[in-house]
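Report on one structure; see the data block that follows.
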Amino acid sequence: GRKMSKSLGNVVAPQKVVDTLGADVLRLWVASTDYRNEMSVSDEILKRVSDAYRRIRNTARFLLGNLDGFDPARDLLAVEQCLLLDQWAVQQAWDVQQAVIAAYARHDFPEIVQRVQNFCTNEMGALYLDITKDRLYTMPTDSHGRRSAQSAMFRILEAMVRWLAPIVSFTAEEIWAYVPGARGESVLFETWYGDLAALQGSPAQRAFWSDLLAVRDVATKQLELMRGNREI
């Protein structure tokens, strides 16, 4: 809550942050702080930003890990051929992309960071990636179920790396180098990904998914209780 001052000894040196946490954490802090108000920085704030960065990076790592051996020229399914859950995941990415593009247009960087972070934490980490693990790890390599999940993950990663590029540029370039398929030399030369499809976005479909996920929440809590009581 006080201004930085050498005499007070409360200066946070950018170079020190870069040396300890990396340039992208510093960039993410700048983007996630509302420049229309006073901007606060401290070790605690930077630690929180570092945690948020790690969540985004780990989501990208998981997607990349499960695209090993996937060739989009050969294996990519059309969105309408994918399983319903995979269509839902692509729809979620499509929703985020519309919000991110609008936020970039009005230079609302905190909104972009929050949208991407929530997407990685909630729709991806807590739901989609958790549910699809069984399918990815146990189904035959070339099965429809596995290729469907990989096709959705490929599209989500292609879109996500572009959302991130202006903010965490070094990480985006690193991701770009490992995404399967032919691509340009830098993500910074790309435009928004155009192959997301909104097939699960009608009011009736959104209501269906909302109800289904609410049932899942209740069932999951009950199963955890039973697991804790050694009933299952």
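The values are calculated or read from the model by the stated rules, or taken from the named source; none is laboratory data. None of these values were measured; they are calculated from a predicted model. Because the Cβ atoms are built from the backbone with ideal geometry, glycine has one as well, and the counts that use them run over all protein chains shown. Side chains included, ligands, DNA and RNA excluded: accessible areas come from the protein's heavy atoms. Shrake-Rupley method; radii C 1.70, N 1.55, O 1.52, S 1.80 Å.
Overview of results
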{"read-out": "Total formal charge among the other residues, if their Cβ is under 11 angstrom from that of D195, Lys/Arg +1 and Asp/Glu -1", "value": "0"}
{"read-out": "Dipole moment magnitude, nearest 20 debye, the stretch 95-232 about Cα centre, only Lys, Arg, Asp, Glu C-beta charged", "value": "340 debye"}
{"read-out": "Accessible solvent surface per residue of the chain, calculated while the other protein chains remain in place, 1.4 angstrom probe, Å²", "value": "56 Å²"}
{"read-out": "Most mobile of R54, R162, R216 in a GNM of the chain (Cα contacts under 10 Å)", "value": "R216"}
{"read-out": "Between the stretch 144-199 and the stretch 108-142, the Cα center-to-center distance that results, in Å", "value": "14 Å"}
{"read-out": "FRET E, pair E174, W209, Förster distance 41 Å, beta-carbon r, rounded to 0.05", "value": "0.80"}
{"read-out": "Computed lengthening from K133 to D19, 0.36 nm per intervening residue step minus Cα-Cα distance", "value": "37.5 nm"}
{"read-out": "Net charge contributed by nearby residues that have their C-beta within less than 14 Å of R36 (K/R +1, D/E -1)", "value": "-3"}
{"read-out": "Table column - 3J(HN,Hα) (Hz), the stretch 115-127, Karplus curve with 6.51, -1.76, 1.60, x for Gly and Pro", "value": "4, 5, 4, 5, 4, 5, 7, 8, 5, 7, x, 7, 10"}
{"read-out": "Accessible-area composition of the chain, carbon plus sulfur, in percent [1.4 Å probe]", "value": "54 percent"}
{"read-out": "Added length on full extension, which subtracts the Cα-Cα distance from 0.36 nm per residue, Q98 to S202", "value": "35.9 nm"}
{"read-out": "Residue of V25, V218, V12 that the Gaussian network model of the chain assigns the largest fluctuation, springs spanning Cα pairs under 10 Å", "value": "V218"}
{"read-out": "The stretch 14-74 - Rg (one decimal) and Dmax (whole number), Cα, Å", "value": "15.7, 51"}
{"read-out": "Where labels lie 7 Å past Cα in the beta-carbon direction, separation of R216 and A182 in nm", "value": "3.6 nm"}
{"read-out": "Charge dipole (debye, nearest 20) of the chain; +1 at Cβ of Lys and Arg, -1 at Cβ of Asp and Glu", "value": "640 debye"}
{"read-out": "Candidates V116, V100, V41: whichever shows maximal mean-square fluctuation once the chain is modelled as a Gaussian network with Cα springs under 10 Å", "value": "V41"}
